[in-house]
């Protein structure tokens, strides 16, 4: 017991230890499979939830609803991490890619949408550290931004 209306969607995580459910009551719930214990309730959709999926190798789940939206939820916090709202009709299904970087949604009007799942914070930080380049300030920029008072007449030619 847990939902207040019919259950319309169910999915298990990779090792089968947890399952998520979606319902006519507009909630998404996560459960411990062995005990049936409810771990969290995700509220935010405005119409019945018709599809749910775990995103592989991630603390995220996705849900699609008749309210024409897909929501990306953090399992640990229960917060909506991202909301996809470009659909023009009811969402039928969502399917994450095996690597967890993309997903596809199917819609009642016959359209198929291809979505990028935003990277997790630690992935973005690692990418930024590996790919950033910050050039040193010129003498004139130091004077402008840092008020260093350096004489730039001789050093500008070498910078």
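Each value in this text was obtained by applying a stated rule to the coordinates, not by laboratory testing. In this text the structure is predicted, and so the values were computed from the model without any measurement. Glycine also receives a Cβ, built like all others from the backbone with ideal geometry; neighbour counts cover every protein chain displayed.
Please order 103, 108 by the number of other Cβ within 10 Å, starting at the fewest.
Placing the least packed residue first, the sequence is 108, 103.
Please state the relative contact order of the chain as a whole percent: Cα pairs under 8 Å, 6+ residues apart?
After rounding, I find 12 percent.
Expressed in nm², what is the orientationally averaged projection area of the convex hull enclosing the Cα positions of segment 7-118?
The orientation-averaged projected area of the Cα hull of segment 7-118 comes to 6.2 nm².
Sort 139, 152 so the one with the fewest other Cβ atoms within 10 Å of its own Cβ comes first.
Least crowded to most crowded, the residues run 152, 139.
Please quote Rg/Rh for segment 61-108 to two decimal places, taking the Kirkwood radius as Rh and restricting both calculations to Cα atoms.
That ratio equals 0.97.
For a footprinting-style exposure proxy, rank 112, 30 by other Cβ within 10 Å, fewest first.
112, 30
Against the longest alpha carbon principal axis of the chain, how many degrees, from 0 to 90 and to the nearest 10, is the axis of helix 121-131 turned?
Tilt relative to the chain: about 30 degrees.
Using only the Cα atoms of segment 1-62, build the gyration tensor, take square roots of its eigenvalues as a ≥ b ≥ c, and label the shape rounded, prolate or oblate: rounded if a/c is under 1.5, else prolate if a/b is larger than b/c, else oblate.
Oblate, since a/c reaches 1.5 and b/c is not below a/b.
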